[in-house]
Amino acid sequence: MEFRRVSEAVIRRMPKYYRQLTVLRDQGMERISSGRLAQMMRLNASQVRQDFNCFGGFGQQGYGYNVNTLLAEIKNILAITHPYNAIIVGAGNIGTALANFDGFEQEGFIIKALFDVKEELVGTEIDGKPVYHIDELERYVQENNITIGVIAARRSVAQEIADRMVASGIKGIWNFAPMDVTATVPVENIHMTDSLICLMYKMHHNVISEN
């Protein structure tokens, strides 16, 4: 199936559909209308149909969507039908928390190893995952079919790490350093403090999110 270029907003909604449909599948629901799904997602039915039409559309008028079929289509769209090997650079608090999170493997995100410069961390394990010295990054990536690199290091070295990841063959970067990094591969810059500040704004102004 060929997909045309879609907006960032649509891309951001697809994992939300995936989560909701997973819940419905686990509840035993076999079919759902765009209107009912929209209500659950706090969207409108037209928006749901438009989102799915970006990828060809999957429903039948008067019938709605088969939950299992739609879930499979969205997994295909999100490219989560096969596992991805990943490494984390930075074995501090954030890197350790990510390495310890069991939910990643359920979606095919397999953290294989961590890297750091601190001698007291090198040679240890975090949740069964080895910690190597950063000097071994390129060799490990190339020898272990690593496609995703996670940056959980200091701001001052984040861009350098991103550059090294790309040069070693990494295909995508998930960055938790408190600065945006740029690369010639897809990058997701995650700023946890930004999210917290948005929460504080919403609390102060009594803003209730719609989705």
| query | Does E105 satisfy the criteria of being among the acidic types (D, E), out of contact with any Asp or Glu (no Cβ under 7 Å at 6 or more places or on another chain), under 16 Å from Y84 (Cβ atoms) and open to solvent by 70 Å² or more (accessible area, probe 1.4 Å)? | reply | yes
| Qualifying residue in region 89-97 (condition: open to solvent by less than 40 Å² (accessible area, probe 1.4 Å), over 20 Å from the mean Cα position of the chain (by Cα) and farther than 16 Å from W174 by Cβ) | no
| said: Just the residues that are within 23 Å of A79 (Cβ to Cβ) and either hydrophobic (A, V, I, L, M, F, W, C) or part of a helix (DSSP H, G or I) (or both), please, taken from region 163-172. | reply: M165, V166, S168, I170
| said: So V181 passes all but one of these: (1) open to solvent by less than 60 Å² (accessible area, probe 1.4 Å); (2) in a helix (DSSP H, G or I). Which condition number does it fail? | reply: (2)
| message | Filter region 138-160 down to the residues that are open to solvent by 40 Å² or more (accessible area, probe 1.4 Å) and more than 20 Å from E105 (Cβ to Cβ) and list them by number. | response | E138, R139, Q142, E143, R154, R155, S156, Q159, E160
| query | Residues that are within 22 Å of the chain's Cα centre (by Cα): which strands (runs of 3 or more DSSP E) entirely in region 109-162 hold 2 or more of them? | reply | 109-116, 148-151
| message | Could you list, ordered by first residue, the pairs with Cβ atoms under 8 Å in which the first is in region 109-122 and in contact (Cβ under 8 Å) with a residue 12 or more places away in the chain and among the aliphatic types (A, V, I, L, M) and the second is open to solvent by 80 Å² or more (accessible area, probe 1.4 Å) and in a strand (DSSP E or B), at least 6 apart or interchain? | response | none
| task | Hey, could you check region 1-22 for residues that are aliphatic (A, V, I, L, M) and surrounded by 11 or more Cβ atoms within 10 Å (Cβ to Cβ) and say which is farthest from K75 (Cα to Cα)? | result | V6
| task | Only residues that are open to solvent by 50 Å² or more (accessible area, probe 1.4 Å) and more than 25 Å from R5 (Cα to Cα): list them for region 29-60, please. | result | M29, E30, R31, S33, R36, Q39, M40
| query | Do we find that K202 is under 11 Å from I87 (Cα atoms), basic (K, R) and not in a loop (DSSP other than H, G, I, E, B) in this structure? | reply | no
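Looking for whichever is under 15 Å from V187 (Cα atoms), open to solvent by 50 Å² or more (accessible area, probe 1.4 Å), at pLDDT 95 or above and not small (G, A, S) here; the options are D163, D135. Which one fits? Write out each step before concluding.
Values: D135 fails: under 15 Å from V187 (Cα atoms).
Answer to the check: D163.
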| request: Would you mind stating whether D116 is of a type in the set (D, E) and within 18 Å of M165 (Cβ to Cβ)? | output: yes
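The values are calculated or read from the model by the stated rules, or taken from the named source; none is laboratory data. Values in this document were obtained by computation on a predicted structure and should not be read as measured data. For neighbour counting, all protein chains shown are included, and Cβ atoms are generated from backbone atoms with ideal geometry for every residue, glycine included. Just so you know, the surface numbers come from the protein's heavy atoms only, side chains and all, with ligands and any DNA or RNA stripped out. Shrake-Rupley method; radii C 1.70, N 1.55, O 1.52, S 1.80 Å.
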